[in-house]
Amino acid sequence: MSWKRQITAFLTGQTITLFGSMLVQFAITWYIARETSSGLYVTLSVLCSFGPQILLSIFSGVWADRYNKKMLIILSDGGIALATLILAILMARGASGIWLLFIFSAIRSAGSGIQMPAIQAILPQLVPKEKLMRINGITNSIHSTINLVSPAAAGAILSFGAFHYLLLIDVVTAAIGISILIGIPFLHKAKEKEAGEHAGYFDELKAGIRYSLNHSFVRKLFIFSTLFAILIAPCAILNVLMVTRTFGGDYWYLTANEIAFFAGAVIGGVLLSTWGGFRNRMDTFTLGIVVFGIFTFIMGFTYNFIIYLAVIFIIGIAMPFGSTPVTVLIQEKVEPQMMGRVFGLYSIIFSSFIPLGTLIFGPLADTMPIQWLMIASGILLTILGVVLRFIRSFYREGLPETV
């Protein structure tokens, strides 16, 4: 089987699985919101859905380096599907209680936390280095498309059937995804450690953290990624607040806002996968940050909703350019035996620092016009991109070893 057939099969299986997972994620959040009408319960739902994933990412990075990545993906997918099936059976038999959804959301989140570093670390085993940018661009487009389609699909399904029927869809999609993955023979396998070769678990964990801190390029990449994650919070999270305050907050305005951003992200991923980005990955990364910054700045001066949608659409296009090159650089520059742990740390950065940015900027949005926050973060993002471009020793590391 050629690498193109391998990666096509792999991405097909993961797309099917992710679609089912996103359907359930939206459905659980909506169910809790409808049943409780409580902001506190919705917040707790979000924490249960993402907290375990963040906490497990660094540990699962060790597992991705220590064990067979293909089996980790299969077992985590299967565990999530089994938990969802149990929840569907309990609800079909009349079980109720928001706490039940919290518990199973946390279990599903833990499975995702185990799975994601393994998925990111396994791509270099399937794809030639010079094709990683294109494949990661395709992956971004797939994720954005699912984010675009899943809310509408979940709403349509829930309108025709009981909640537990939607849960069963996730079980079926997981089974399909696992079946596809089992049938993929990995041609470019990384060397797995024998059982006797393992150091202690926490020794390996510390080795991964030490590696990331001591690796000059990875350390700088993480610093810039952390700053990027914090500074995009006003645009990425508080844009909903801007819509409600500036344009009236009608449901259709909020829907159009989400569609515009994710449609842009889909197109951005397609552009990146077709073009492949600049030869120097840093140029692509810088372009994404600067465009994101400039249009976030413009957003602060936007009071016409049609113009606002055009701006958020362009920001959506820029998003894959600001995130995909980082994934590719890690896949190209990090030793295979450390890649899972490095991706675990990177997952923590994006999963935790965007909420941290929200905690910083969110309270400020209640003390000043939110447009000011967009303007300030847009300026800082643009400066960040310019600074990144002119750190020459760091910039030169963006060149791939094999082109």
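The values are calculated or read from the model by the stated rules, or taken from the named source; none is laboratory data. What you see is a predicted model; the values in this text were computed from it and never measured. Every residue, glycine among them, receives a Cβ derived from its backbone with ideal geometry; neighbour counts consider all protein chains shown.
Pick out, from region 329-403, the helices (runs of 4 or more DSSP H) lying fully within it that include 1 or more residues that are closer than 30 Å to residue 126 by Cα.
Filter on region 329-403 gives 339-364, 392-396.
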For a quick check of your reading of the model, give me the residue pairs whose first member lies in region 243-266 and is assigned by TED's automatic domain parsing to the domain that holds residue 147, whose second is loosely packed, with under 15 Cβ neighbours inside 10 Å and at pLDDT 85 or above, with beta-carbon atoms closer than 8 Å and at least 6 apart or on different chains. none
All positions within region 124-148 that are part of a loop (DSSP other than H, G, I, E, B) and surrounded by 19 or more Cβ atoms within 10 Å (Cβ to Cβ): 127
Over region 265-294, the set of residues of a type in the set (A, V, I, L, M, F, W, C) and within 21 Å of residue 400 (Cβ to Cβ) is 271, 272, 275, 278, 282, 285, 287, 289
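Quick grid of which residues meet (1) under 25 Å from residue 259 (Cβ atoms); (2) within 23 Å of the chain's Cα centre (by Cα); (3) not assigned by TED's automatic domain parsing to the domain that holds residue 334; (4) not in a helix (DSSP H, G or I):
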| position | (1), (2), (3), (4) |
| --- | --- |
| 77 | no, yes, yes, no |
| 108 | no, yes, yes, no |
| 120 | no, yes, yes, no |
| 156 | yes, no, yes, no |
| 164 | no, no, yes, no |
| 169 | yes, yes, yes, no |
| 179 | no, no, yes, no |
Expected output for region 83-111 (first residue over 14 Å from residue 166 (Cβ atoms), partner among the acidic types (Asp, Glu), Cβ below 8 Å, 6+ apart or cross-chain) is 98/35; 111/77
Do any residues in region 145-172 that are among the small types (Gly, Ala, Ser) have Cβ atoms under 7 Å from those of residues that are part of a helix (DSSP H, G or I) and at pLDDT below 75, where the two are at least six apart or on different chains, and which pairs are they? 150/26; 154/26
Please pick out the residue among 186, 222, 202, 217 that is at pLDDT 55 or above and either among the acidic types (Asp, Glu) or part of a loop (DSSP other than H, G, I, E, B) (or both). 186
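Can you confirm whether region 389-397 contains a residue that is of a type in the set (A, V, I, L, M, F, W, C) and crowded, with 20+ Cβ neighbours inside 10 Å?
No, that holds for no residue.
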